[in-house]
Amino acid sequence: MLRSRLLEERLITMYKQGDGYFWIGGPGEEAFNVPLGLLADKGTGVDHDFLHLHYRSSGTLLALGADPVDSLRQMKNVASDPYSRGRNFAGHYSARKWNVVPVTSPIEIQYSIAIGTARAQRAGTGAKGISIVQGGDAGTAEGDFATSLVWSSRKGAELPLLLIVTNNRYGISTPYAGQHGYDQISERGKAFGMPTAVVDGNDVEASWAALTKALHYVRTEKKPYLLEAMVSRLRGHSSASGANLAKEEVDCLERFQKTLEDRKILTRSAMDQLRDEVTTELAEASKRIRGEAPPTPESIHDYVFADKNYVGGEV
Amino acid sequence: MATMIQAIRMALHVGESRLGVTDIFGEDVGAPLGGVFTGTQGLETTWNTPLDERGIVGTAIGLALAGRKPVAEIQFCDYAFNTIDLLKVAGNTYWSTGGDWNVPLVMMTPVGAGIRGSIYHSHSFDAQATRIPGWKIVMPSTPLDAYGLLLSAIQDPNPVMFLMPKALLRVKSKPGEDIPGAPDDDKRLAQMIDAPLGDRSAWKPEWPALEEMYIPIGKAKVAREGTGVTVLTYGRNVPMALAAAEELVAEGVDTEVVDLRSLHPYDWEAITASVRKTNRVLCVNEDTEITNFGEHLIRRISEELFYELHAPPKLLAGAHIPGIGLADNLEMASVPQMSTIKSAIAELAQHEP
Ligand SMILES: Cc1ncc(C[n+]2csc(CCOP(=O)(O)OP(=O)(O)O)c2C)c(N)n1
């Protein structure tokens, strides 16, 4: 959680120092997103979980084992950015080795795409994995969210799909009540006969428990489950709104550190020391990658068409 | 002699029984109907989707990413417009992830006018489709080409759009253009693979011993050789251009008809060879004329083959109007007809530099 937070802070600093053009990310969602990455069954293909993530998922990626320096590379849009080779914004992850389906900017389309991976894993296929899709609250107004509810809950053709909504109570600036007439997004799942739950996404233990329960249901029943996590947006929507600290929001990291301290699991000074170490590490890495090559102009023509069916197993 | 829709069905059968197709799906694609044009009758891997085009395209992408080989149908291309951002994602995923994920899917959809389909069953999709990089786009004009292009589309590791010219789906193949392995006798073929009317719950097709035949994506076909004027066209307008060319023989005009078959990538070599030979070129298609694929071809021909031309290149396309009206006169005045193609060719042939 700490590493993920410090990574986001470094990305924001890079943006502010002119080492990137745009920042968007997940400070405030770590207490939910880190458990998600730890609980997902990572791997390649239908026997592992497919992750259709939001652009605030650095906590999940780091929990899966991603190198934070790669996120800095994407921010700096250098050719060595393994997620998009300098082509896409920060937080737009893609990792086929872990079934992390590419994060894309059009809001909510991952909910339509997730139906396909879930269909490939439905009951009777023998596939061991499930599909997990995540997005924000405002985006659920798009038709793709309704699409995922309809397609995943058809009787006899249910899909093993965990639908997650991370609700930070805002679109970019539009507050929750300006978009939705119902109190919780998860209420919509009830009409489709799927189990639903709301969890305090600032509480890491509650998030862990809610995710464990939801994942267990989807894995064993091979049916959909809608989980809504109430989260904070600690740095506003993105760099476009300044990326400044939102003091009124609950900070899940503060909260978790206090718990660790109260329960005498870690001392404040040990946590502070870790913070200093990781901060220095990331600051140095961000300087180092300034020297990495940008993509060449000719590279715009690379990867337009595939020569082999890599996703089909060709190498 | 198979019809184009039978050829498509047979290609899908080969696809699912030998080439790894796992899912053939769309609205009314599965049993009992087997597609509104009968293209998916009797197949093993078909299933019906909710009436939701965005869901269909999203599912196709997801299935492809999960290593399956989907063939998705949009019932009419008129209803694909709300999926364009998803089509863009299918086309840009390999590129935007720097080669991490390719997206091997086939989307098939009936296009064009000619069946009095009125405003929402007459749209063309070629202008839109060719504006979405990362896709391969094919459009057959004969049953045999439909068979060979669909097999190539299925084997391609990229998203391929298979545009089905609605007006030609029930047209039979010409002698010598039989689907390899299918019986010549059309009654026999129909008995074998067409679902009976009424209750078909117990019916099973009897598939002929089909042979695989691949038409490479990106290769045009000279449908008629000639020396006077080149017609660059595809889909429904190919047989019209061929008929116009035959009528113009009497007027001493020798027309070459190039059936592009693939709109992207397109066969620039074949286009160049034909334009160098005839020095006169007409592009024909049904899509609306402003920002039309034929305009692109004319732009490139003007830039790269300008000094080969003996007449200004010409585009004959759909009128730039909001829709295609139902009445005979309306539909016929909206998109190219054999007669308008014929006069456009004649005009080009007569043009004096
Ligand atoms: C289809 C689409 N419309 C608009 C936008 C611009 N946009 C980017 S983020 C955003 C708000 C998303 O809010 P929410 O779904 O609640 O997610 P959050 O950013 O709060 O996590 C908007 C409108 C977009 N990216 N895609």
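Number of residues in the range A:113-156 that are under 18 Å from A:Ser57 (Cβ atoms) and among the polar types (S, T, N, Q) equals 5. If you check A:Ser153 against the conditions, is it in contact (Cβ under 8 Å) with a residue 24 or more places away in the chain and within 14 Å of the ligand (Cβ to nearest atom)? So A:Ser153 does not fit the description; no.
Within the range A:258-296, being in a helix (DSSP H, G or I) and among the small types (Gly, Ala, Ser) holds for A:Ser269, A:Ala270, A:Ala283, A:Ala285, A:Ser286, A:Gly291. Within this structure, B:Val335 passes the test of being within 22 Å of B:Ile119 (Cβ to Cβ), outside the structural domain of B:Gln128 (by TED's automatic domain parsing), buried (at least 21 other Cβ atoms within 10 Å of the Cβ) and among the hydrophobic types (A, V, I, L, M, F, W, C).
The set of residues in the range A:138-192 being within 25 Å of A:Thr125 (Cβ to Cβ), assigned to a loop (DSSP other than H, G, I, E, B) and of a type in the set (Ser, Thr, Tyr) consists of A:Ser153 alone. So which residues in the range A:289-301 are more than 15 Å from A:Gly20 (Cβ to Cβ), under 29 Å from the mean Cα position of the chain (by Cα) and touching a residue at least 12 places away in the same chain (Cβ under 8 Å)? Across the range A:289-301, the qualifying residues are A:Ala293, A:Ser299.
When the residues of the range A:105-117 are filtered to those that are at the interface with chain B (Cβ under 7 Å from one of its Cβ atoms) and surrounded by 23 or more Cβ atoms within 10 Å (Cβ to Cβ), the one that is farthest from the ligand (Cβ to nearest atom) is A:Thr117. Does A:Thr147 qualify as being within 16 Å of the ligand (Cβ to nearest atom), hydroxyl-bearing (Ser, Thr, Tyr) and within 14 Å of chain B (Cβ to nearest Cβ)? Criteria met by A:Thr147. Per the conditions (1) surrounded by 18 or more Cβ atoms within 10 Å (Cβ to Cβ); (2) out of contact with any helix residue (DSSP H, G or I) (no Cβ under 7 Å at 6 or more places or on another chain), the sole criterion not satisfied by A:His216 is (1). The condition of being surrounded by fewer than 24 Cβ atoms within 10 Å (Cβ to Cβ) and away from the ligand (no atom under 16 Å from the Cβ) holds for only one of A:Asn77, A:Asn99, that being A:Asn77.
Could you name every one of the strands (runs of 3 or more DSSP E) located completely within the range B:12-111 that has at least 1 residues being away from every other protein chain (no Cβ under 14 Å) and crowded, with 24+ Cβ neighbours inside 10 Å?
Fully inside the range B:12-111 and qualifying: B:70-73, B:106-111.
Only one of the listed residues (A:Gly129, A:Gly86) is touching a residue at least 12 places away in the same chain (Cβ under 8 Å), in contact with a strand residue (DSSP E or B) (Cβ under 7 Å, 6 or more places away or on another chain), assigned to a loop (DSSP other than H, G, I, E, B) and away from the ligand (no atom under 13 Å from the Cβ). That residue is A:Gly129. Taking the range A:229-245 as the range and being more than 21 Å from A:Ser207 (Cα to Cα) and either touching a strand residue (DSSP E or B) at 6+ places or on another chain (Cβ under 6 Å) or without any contact (Cβ under 8 Å) to a residue 24 or more places away in the chain (or both) as the test, the residues that pass are A:Gly236, A:Gly242, A:Asn244, A:Leu245.
Test A:Ala214 against the stated conditions and say whether it is within 16 Å of the ligand (Cβ to nearest atom), away from chain B (no Cβ under 14 Å) and among the aliphatic types (A, V, I, L, M). Criteria not met by A:Ala214.
Given the criteria touching a Gly at 6+ places or on another chain (Cβ under 8 Å), surrounded by fewer than 23 Cβ atoms within 10 Å (Cβ to Cβ) and of a type outside the set (S, T, N, Q), does A:Gly45 qualify? Against the criterion (touching a Gly at 6+ places or on another chain (Cβ under 8 Å), surrounded by fewer than 23 Cβ atoms within 10 Å (Cβ to Cβ) and of a type outside the set (S, T, N, Q)), A:Gly45 qualifies. Selection of the range B:76-96 for residues being away from the ligand (no atom under 16 Å from the Cβ), of a type in the set (Ser, Thr, Tyr) and closer than 26 Å to B:Gly35 by Cα yields only B:Tyr79.
For the range A:127-179, filtering for residues that are basic (Lys, Arg) and touching a Phe, Trp or Tyr at 6+ places or on another chain (Cβ under 8 Å) leaves 1.
Quick check on the range A:223-230. Is at least one of its residues outside any loop (DSSP other than H, G, I, E, B), among the hydroxyl-bearing types (Ser, Thr, Tyr), surrounded by 19 or more Cβ atoms within 10 Å (Cβ to Cβ) and away from the ligand (no atom under 16 Å from the Cβ)? Yes, some residue in the range A:223-230 is outside any loop (DSSP other than H, G, I, E, B), among the hydroxyl-bearing types (Ser, Thr, Tyr), surrounded by 19 or more Cβ atoms within 10 Å (Cβ to Cβ) and away from the ligand (no atom under 16 Å from the Cβ). So, in the range A:177-195, how many residues would count as being crowded, with 17+ Cβ neighbours inside 10 Å and under 17 Å from A:Gly136 (Cβ atoms)? Of the residues in that region, 6 qualify.
The values are calculated or read from the model by the stated rules, or taken from the named source; none is laboratory data. In this text, all values refer to a predicted model and were calculated from it rather than measured experimentally. Counting neighbours? That spans all protein chains shown, and the Cβs are built from the backbone with ideal geometry, glycine included.
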